[in-house]
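The values are calculated or read from the model by the stated rules, or taken from the named source; none is laboratory data. This is a predicted model, so every value here is computed, not measured. Cβ placement follows ideal geometry from the backbone for every residue including glycine, while neighbour counts extend to all protein chains displayed.
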Amino acid sequence: MSDNFQQTAEQAAAFQKIWAESISKVMQTAFTITPNSPPPEIMREMRSGIFRALAQSWEEFMRSPQFLEGMKQWMESAINFRKMTNDFMAKVRNELEAPSRDDIDTIMLSVRHMEKRLLDRIEQLSNQVNHLNGGRGSAPKGGASRRRGAANGKTKVTRVKPGKAGASHE
């Protein structure tokens, strides 16, 4: 416990030191300006000096071993927390006898494979039907052919039953 407190105190002191250096650099930049400069130029020089000092101090801070170690510990803690919550939720789903994420993913993959196989088989059957019809007028996708009645202008859909050599209509 005291080691963590000591380490935190050291990190805070390092952070305070960086900010103190930044402020001193900003003040040095502000007072190196000549009194003959017009006010807008003074403001630009101050802004430029402030940005340079801040960029340099933050560069030093973010590359410091203390900061890098702190970030490493934070990332490890976040990863461990994520693992713990995933394990906890898996345990809850198991206790409730609910499907897990892996179960759902496996089912979805199986359904996709089955869908692909069915579509491939339907395409094969459609090709066989077209071949059996002797290539007379290619049927639209899905095996349905359409013809328009002359008397009433309505469309009649006829379906060819697979597996029969002749074209029987439903």
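Structure values in brief
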{"item": "Residues satisfying the stated conditions in the range 94-113, i.e. assigned to a helix (DSSP H, G or I) and aliphatic (A, V, I, L, M)", "result": "104, 107, 108, 109, 111"}
{"item": "Qualifying residues in the range 23-59 (those that are under 30 Å from residue 70 (Cβ atoms) and over 38 Å from the mean Cα position of the chain (by Cα)) - the one modelled with the highest pLDDT", "result": "49"}
{"item": "So residue 66, is it surrounded by fewer than 11 Cβ atoms within 10 Å (Cβ to Cβ), assigned to a helix (DSSP H, G or I), at pLDDT 75 or above and of a type outside the set (A, V, I, L, M, F, W, C)", "result": "no"}
{"item": "Tabulated pairs, the range 118-131, first part of a helix (DSSP H, G or I) and surrounded by 10 or more Cβ atoms within 10 Å (Cβ to Cβ), second among the β-branched types (Val, Ile, Thr) and at pLDDT below 95, C-beta under 6 angstrom, 6+ apart or interchain", "result": "129/160"}
